[in-house]
Structures are given as C-alpha cells and as structure tokens.
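Undergrad: First the structure, then my questions, so here it is.
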Amino acid sequence: MATRPITSLDDLKLFLSIMTEKYGKFGHLAQVQFAVGLRFQTAAAITVGDARRCLKFGCVDLMENKTGKLRACSINARVRSVFTLYVDDTRDDSELLFGKVVRETYNLKLKVVGMILGFDVEHLSSHSLRKSFAYLLHTEFNVPVEKISQQMNHADMNALALFFNPVTSA
C-alpha cells in the first residue's frame, strides 16, 4: 500500500486539529511530524532533551533512524507550543517526549480521523504526514523540489516524486 499526502492545507489543519482534540499526545506527535517533515520513527524517538535544546536554540539535530544521518530541524510556533507542553523540570532528558508510541496504534488513530473527514484512508498512514510536508511546501509555498529533497535527506531526488500522489478527500 502506497501512502499519499494530504494535499489541502485546510484539510490538513482540520485533520491535525481533530487528531489533537481527540487523541492528545498522538495529535501532538502528528503536528510535530508534519511541521518538520519527519519519518514516524524519528519523530517518536524525540527525547525531552532534544525538545529542551530545540526550545533553547530554535533548532536541534536529530538522528534519522532510517538513514543514520543527522538532520537539522528548526521549529515553528506550533512545534514550540507542543514541546513546551511536554518539557518541564521533572522530566529527564533521556525520556521519550511523547512516551512509547506504537506505530500501529498511531496509524489506526490517523485513519479514524481520516474517516471522520471522508479521506481515502486506505492510503493514509504516519508517512502521509511526511509526504504532506513535502507536497504542501512545493505546491502551496513554491519551494523547489531540490531544496525539499535536501531538507528531507533524500539521497535520490527522484524519491521525492513519489510524494506527489495525493490522498483524496470528500
């Protein structure tokens, strides 16, 4: 099953809003994953220390689980507000920011929200958020494909072409 991006910025905003309202930490994880364009396993592996450094410096280097490469991740106001919710003096830097998140559980919650919104959920998964990041950067904000590919640590720019196969909504 090939995952696809959510292609409407308005649909994506509503999706993330419902996800957060309905599922709390899973919605917050989805917001961070989309806002930075991270793979699920990298986003789920963010530690309290990573978030703390990001809040202090405005960016953090995250090790991508799939590629083993460091990825510089800057944050926007949405990510800052999510990180602020989870970082406090009582939490150890080594703790996972969102606790243990099981991919299958996360994907199920994404699909439930997708069904609420009338999306084609057969092609909706955690990777759809990463694809949505790339798709919307290119289509809504005219960011060149080369720059998106570099930002996402793609070795092959042709891999990004696969991201432009959309999830349809009603």
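Undergrad: Taking the Cβ of GLY99 as the center, what net charge do the other residues with Cβ under 12 Å away carry, scoring Lys and Arg +1 and Asp and Glu -1?
TA: +2
Undergrad: Give me a comma-separated list of calculated 3J(HN,Hα) values for the range 52-62, in order, Karplus coefficients 6.51, -1.76, 1.60 applied at θ = phi - 60°, integers in Hz, x for any Gly or Pro.
TA: Computed from phi, the couplings for the range 52-62 are 4, 5, 5, 5, 6, 10, x, 7, 8, 8, 10 Hz.
Undergrad: Give the shape of the chain as rounded, prolate or oblate, defined through the alpha-carbon gyration tensor: a ≥ b ≥ c are the square roots of its eigenvalues, a/c under 1.5 means rounded, and otherwise the shape is prolate if a/b is larger than b/c and oblate if not. All intermediate terms of the calculation are to be shown ahead of the outcome.
TA: Details: a/c = 1.73, a/b = 1.22, b/c = 1.42.
Oblate.
Undergrad: How far apart, in nm, are two points set 7 Å out from the Cα along the Cα-to-Cβ line at ASP61 and at LEU9?
TA: So the two model labels end up 3.2 nm from each other.
Undergrad: Still on this structure, I have one more. May I ask which of LYS66/LYS111; LYS22/LYS109; LYS69/LYS147; LYS56/LYS147 have a Cα-Cα span longer than 20 Å here?
TA: Numbers: LYS66/LYS111 24 Å; LYS22/LYS109 9 Å; LYS69/LYS147 17 Å; LYS56/LYS147 26 Å.
Violating the 20 Å limit, Cα to Cα: LYS66/LYS111; LYS56/LYS147.
Undergrad: Let me ask another. Going by amide H atoms built from the backbone, whose H comes under 5 Å of the H on ASN65, apart from near neighbours?
TA: HN-HN under 5 Å from ASN65: THR42.
Undergrad: Now, a different point. Calculate one ³J(HN,Hα) per residue across the range 134-150 by plugging θ = phi - 60° into the Karplus curve 6.51 cos²θ - 1.76 cosθ + 1.60, and present them in order as whole Hz with x for glycine and proline.
TA: Rounded to whole hertz, the list is 5, 4, 6, 4, 6, 7, 8, 10, 6, 6, x, 4, 4, 5, 5, 4, 5.
Read-outs: derived from the displayed coordinates by stated rules, not from any lab. As the structure is a prediction and not an experimental result, all values here were calculated from the model. Heads up, the Cβs are rebuilt from the backbone with ideal geometry, glycines too, and the neighbour counts pull from every protein chain shown.
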